[in-house]
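The values are calculated or read from the model by the stated rules, or taken from the named source; none is laboratory data. Computed from a prediction, not measured in an experiment: that's the story for all the values here. When the accessible area is computed, the model is the full protein with side chains, heavy atoms only, and any ligands, DNA or RNA have been set aside. Shrake-Rupley method; radii C 1.70, N 1.55, O 1.52, S 1.80 Å.
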Amino acid sequence: HMNPLLSKIIRRSVLQHKLHMPEGEEEFSSYEMAKGLWELKVTILQSLRDVFLMLMGIGSAAFGLESFLLPSNFIDGGATGISLLISEVAGLPLYGLLILVNIPFVFLGYKIIGRAFAVKTALAITGLAICVATIHFPEVTHDKLLVAVFGGFFLGAGIGLTVRGGAVIDGTEVLAIYLSKKFGTTIGDIIVLINIIIFSTAAYFLSVEAALYSLITYLSASKTLDFIIEGIE
């Protein structure tokens, strides 16, 4: 007594793909149809959960950027830090740089991880850029230490929530995975090396003080990211 449209969706999206049935095959048992319906529901719920986590991550990261880091000219590590640094030095809009800087990492993610990850990542990064361009959060505090700690906290939480949703809004981790496989080093070593370059550049173009506060931002973001993904040890 299943709805004909729902039955067709289950056949096309779940059963034929899973059971490798030829196109047009309609012979499925009641058990297979019921199992297919359950798997379709699980897939839909998982997709909704991923979308919710990605939206929460985008909002948190945008809040950390606009309410803390941007007003104080602090940066973070990774691709987001590169975007912030270029925006500060060259005066270019951050929302455009977030997309441009991450484009190579999206293609790299497609190559080494998969199509679904690359599509989610592209949507998440675009969503963050749109949020930064259209939604303006108020500045929370002028205290530099609070800006560094809580700016990093909200940015790290945003990255972590997006990762839990199956994507990234900072492509440095994708590059680190690729280089670690190519050169036989650890992912952590690659990320540290990238960030040393970023913060050294920040010290040269901005100031040593700004670079040191930005390092605190990075440490705060990194620990928050670990907490969101792995939980309390």
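For the stretch 169-227, with all protein chains in place and a probe radius of 1.4 Å, 72% of the accessible heavy-atom surface sits on carbon or sulfur. Report Rg/Rh for the stretch 61-104, rounded to two decimals, where Rg is the Cα radius of gyration and Rh the Kirkwood radius. In the stretch 61-104, Rg relative to Rh is 0.92. Accessible area per residue for the stretch 62-106, computed on protein heavy atoms with a 1.4 Å probe, is 33 Å². Here's how it looks for VAL168: its modeled amide H is under 5 Å from those of THR121, which are all 5 or more places away or on a different chain.
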